[in-house]
1. Hey, GLU251 hits all of (1) touching a residue at least 24 places away in the same chain (Cβ under 8 Å); (2) outside the structural domain of GLN12 (by TED's automatic domain parsing); (3) over 27 Å from ALA341 (Cβ atoms) but one; which does it fall short on?
2. Based on this model, can you work out whether SER153 counts as touching a helix residue (DSSP H, G or I) at 6+ places or on another chain (Cβ under 8 Å), within 16 Å of the ligand (Cβ to nearest atom) and polar (S, T, N, Q)?
3. Considering each of GLY376, GLY317, GLY384, GLY389 in turn, give the residue that is in contact with a strand residue (DSSP E or B) (Cβ under 9 Å, 6 or more places away or on another chain), within 20 Å of GLY195 (Cβ to Cβ) and not hydrophobic (A, V, I, L, M, F, W, C).
4. Could you tell me which residue of segment 337-381 is farthest from the ligand (Cβ to nearest atom), considering only residues that are of a type in the set (D, E, K, R) and touching a residue at least 24 places away in the same chain (Cβ under 8 Å)?
5. Considering only segment 270-312, how many residues are in contact (Cβ under 8 Å) with a residue 12 or more places away in the chain and either more than 22 Å from THR224 (Cα to Cα) or charged (D, E, K, R) (or both)?
6. Tally the residues that are out of contact with any strand residue (DSSP E or B) (no Cβ under 6 Å at 6 or more places or on another chain) and surrounded by 19 or more Cβ atoms within 10 Å (Cβ to Cβ), restricting the search to segment 259-290.
7. Residues that are modelled with pLDDT under 95: find the helices (runs of 4 or more DSSP H) completely inside segment 19-109 holding 2 or more of those.
8. Could you check segment 211-241 and list, in sequence order, the residues that are away from the ligand (no atom under 13 Å from the Cβ), in contact (Cβ under 8 Å) with a residue 40 or more places away in the chain and in a loop (DSSP other than H, G, I, E, B)?
Amino acid sequence: MRTLNQQNFKNQRVIIRVDFNVPLNEALEVTDRTRIEAAKPTIDYILEQGGSCVLLSHLGRPKGNDPKLSLSHIVETVADVLGRPVKFCSTTVGDAAEAAAKNLEQGTVLLMENLRFHKEETAGDILFSEKLARLGTFYVNDAFGTAHRAHASTTIIANLFKDNKCFGILLEKEVIAIEKVMEKGEKPILAILGGAKVSSKITIIESLLEKVDHLIIGGGMVYTFTKALGGQVGNSICEPDYCDYALELLEKAKTKGVEIHLPVDVLAGDDFSNDATQKTFDVMNIPDGWEAMDAGPESQVLFHNLILKCKTILWNGPMGVFEFSNFSKGTIAAGDSIAEATQAGAFSLVGGGDSVAAVKQFGFENKMSYISTGGGAMLESLEGKILPGIAALNE
Ligand code: AMP
């Protein structure tokens, strides 16, 4: 891996692909700076080493030039996070953009306008990539969240730089965290998969069966498995078309020596709402009129004991409908147990969509070994895919 600390940035004008796709409120103010803060170490390092930084990012999904999605709205926040002035260029490529980049003094930062104002960005257009490449003398990718896309600024541009390209600090950390689970995990390795649907997690389950010793299945996926095993699921979400597949997976796990753990009891409601009447049932016997929305107390204890035995833990997907406070106990309990295991020396990686949201909501942010910044990119990595943005940096 070409890392930042192996490079000489003295007098280099460094194009950094960052992920500043931050949420904005009605007044077009940044409401969450996490992604900007995540890019700070890379920017600081390059500036300290005598380079200057040309920052490229997308914001939202504009169709053409959409003033509401201009990166000009975030310049002040970026300057505030970096603790230094940041210049803004209202074009992304072209003569004016190149002039602004070339005039950049050593130790200074320039943010270019939203990449996605140009449809060539997501199309991975080579001419557009060449124009982007003319903005600097070195290319650094620090945007894990878009590393699974072969876009102009994430992948195609990297092919235009031979050796003068490398991983940013954040991207490097993400890759190392995934490797720690998928390639170099200390045994026993446990994956906890929750979330809504089996159908959206098939490739991940298949890929994880090759890597882990234990797999906890939680969330709404459970009821496709229990129905397949002859259980009664009541009104719980279930994908009957995937029952055969669920049985196949259970068989496959057996032959690979992977233990699959389902909850033994569930907390159900008589309605899909936070205020529903609650009742605990055996996971195999959920009566009609009741919808299972969380892992039950006995399951929480079983999962706790298992989690504490494991040395490598991957968590993707909540254990129940955590958005309803009355059905969030199973997700909180899993977070607590993983935090305790981490404290005791296990490596824990939380990645992909809603589990990251849950971890932040319930205050486990600093209690996990690593929390991924990339939803889709993390999921594709767990599926065993090599991300194009990462492959292009290694070539
Ligand atoms: P995913 O994006 O697949 O990780 O799914 C996350 C969503 O799954 C969250 O919005 C949860 O509310 C939902 N979920 C988890 N458990 C259940 C359940 N038992 N019934 C319905 N939805 C669930």
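1. Checking GLU251 against (1) touching a residue at least 24 places away in the same chain (Cβ under 8 Å); (2) outside the structural domain of GLN12 (by TED's automatic domain parsing); (3) over 27 Å from ALA341 (Cβ atoms), the one that fails is (1).
2. Working: touching a helix residue (DSSP H, G or I) at 6+ places or on another chain (Cβ under 8 Å): yes; within 16 Å of the ligand (Cβ to nearest atom): no; polar (S, T, N, Q): yes.
No; evaluated as a whole, the condition is false for this residue.
3. On the way: GLY376 fails: in contact with a strand residue (DSSP E or B) (Cβ under 9 Å, 6 or more places away or on another chain); GLY384 fails: in contact with a strand residue (DSSP E or B) (Cβ under 9 Å, 6 or more places away or on another chain); GLY389 fails: within 20 Å of GLY195 (Cβ to Cβ).
Exactly one residue qualifies, and that residue is GLY317.
4. Within segment 337-381, the subset of a type in the set (D, E, K, R) is 340, 354, 360, 365, 367, 380.
Then keep just the ones that are touching a residue at least 24 places away in the same chain (Cβ under 8 Å); that gives 340, 354, 367, 380.
Details: GLU340: 22, ASP354: 4, LYS367: 20, GLU380: 15 Å.
This residue is GLU340.
5. Total satisfying the criteria: 19.
6. 0
7. Details: elements: 34-48, 75-82, 95-102.
So the answer is 34-48.
8. Within segment 211-241, VAL212, ASP213, LEU229, GLY230, GLY231 qualify.
The values are calculated or read from the model by the stated rules, or taken from the named source; none is laboratory data. Note that the structure is a prediction, hence the values are computed from the model and not measured. FYI the Cβ positions are ideal-geometry reconstructions off the backbone, even for glycines, and counts take in every protein chain you see.
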